[in-house]
Amino acid sequence: MGKPQLTLRLRLLTPAFLAGADQGVAELRAPSIKGLLRFWWRATQASNSRMAEQEKSIFGSAGDEVKGGCSAFTLQISPSRPANAISKSPFPKNGDTQYQVKGHSLNILEYLAYGTYTYQKSEHCNVFDRSYIKSGQVFTLIIRLVRNDALNAVVQALSAFYAFGGIGARSRNGFGSMVLETVDGDSSLEKLIQSTPPGVFKSFANGKHLPDFTAFSGQTRLFRTRTHHQTWDSCLAELGHAYRAARLSIESKHHYSVRQFIGAPLIVDKRQKSLLSRHAKPYFLRIHKDSNGYVGYILYLPSQYYPKKIEDTSGRELTPEQMTSRFLHACDAINTALSKSLEAIR
């Protein structure tokens, strides 16, 4: 029996911020996609006591990669630098709503892409520092299995990644969303093109315990736009407005003791207002497209907050349990707010 080759034809629904050695030039890279597949495979393994062993067997390890790689599959992307699809043009404004962030006015799409541009005083606008691959670009992802026994794991990773993930920087904010147009190579892949985020969510969102790492559990939640949109930007704008309003609703303006648990660092007036210097938010914005148009989802994927004790700003020691409790309290408030503007799947 020959080694399976899986071929996926994907189209970008939203711009993707990707780069190689030259951070200023947009480029689709196989190692980036492989890292994302590893992340989403792990997200489906909360109850797997052999996860670390199996992860190394499927995806390899850093030491193995240096020696030539022991991964159970290889990836190829074509084209890596698509002609006429790389841009630094401004995003659509989507209405007149402007948000003030660090003294600059941003539309909602700029708010979601914060950090990819700088404000140019001479132009009186934000100018992208790095190029992006435009929405509508088609690329082919070829997966060649070195070992046949890795097929189920690869398809499982693809399922979660395709339903809720994106590629490139700011993918948790909806950039780099894709639609799967065709698949070839194994009958199990046919389910991918027919699957929906609620269906994939139902498959993975179970279990009673909150995971130690970012993974699906019984506390995972999913929200969806109540209507379809005719353009990607209006759909992402609705998600962005809903998420921003929910995040700001949990605490009074100029207060950060609650919001810091959503994502870190939280920098205000060049000073860090968060206990942790880095902690990724547990929310994933994703745009999908079906026969009715564009529909947006927000996945809430919580886990234990931090494994060590830490002192708060007053010098009081907080245990991991206390920090997780504060984190979940903040997220519960955001989820309540999201359910008012979006449809709560669960």
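The values are calculated or read from the model by the stated rules, or taken from the named source; none is laboratory data. The model shown is predicted, which means the values in this text are computed figures rather than measured ones. Methodologically, a virtual Cβ is constructed for each residue, glycine included, from the backbone with ideal geometry; neighbour enumeration extends over all protein chains shown. These accessible areas exclude ligands, DNA and RNA; they are computed on the full protein's heavy atoms, side chains included. Shrake-Rupley method; radii C 1.70, N 1.55, O 1.52, S 1.80 Å.
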Compute the relative contact order of the range 175-237 as a whole-number percentage, counting only Cα pairs closer than 8 Å that sit 6 or more residues apart in sequence. 17
For the chain, convex hull volume per residue from C-alpha positions, Å³: 155
Full-stretch length increase - THR182, SER87 - with 0.36 nm per residue and alpha-carbon distance subtracted: 31.6 nm
Quarter of Cα convex hull surface for the range 95-239, i.e. mean projection, nm²: 12.2
So for the pair GLN54, ASP212, with labels modelled 7 Å out along Cα→Cβ, what separation do we get in nm? 1.7
Could you give P(r) for the range 180-245, binned at 5 Å from zero, as whole percent values over all Cα-Cα pairs? 3, 12, 16, 14, 19, 19, 12, 4, 0
Contour excess over end-to-end distance, with Cα ends at TYR119 and ALA280 and 0.36 nm allotted per residue: 55.5 nm
For LYS202, placing the label point 7 angstrom along Cα-to-beta-carbon and taking the range 212-246, residues whose amide nitrogen sits under 15 Å are 222
Using only protein heavy atoms and a 1.4 Å probe, report how much of SER159 is accessible, in Å² to the nearest 10. 20
Extension reserve of the ILE310-HIS255 stretch, reckoned as 0.36 nm per residue once the Cα distance is removed: 17.8 nm
Treat each spin label as a single point 7 Å out from the Cα along the C-beta direction, and report the GLN272 to GLN194 distance in nm. 5.0
For the chain, what does the relative contact order come out to in percent, with C-alpha contacts under 8 Å and a separation of six or more? 22
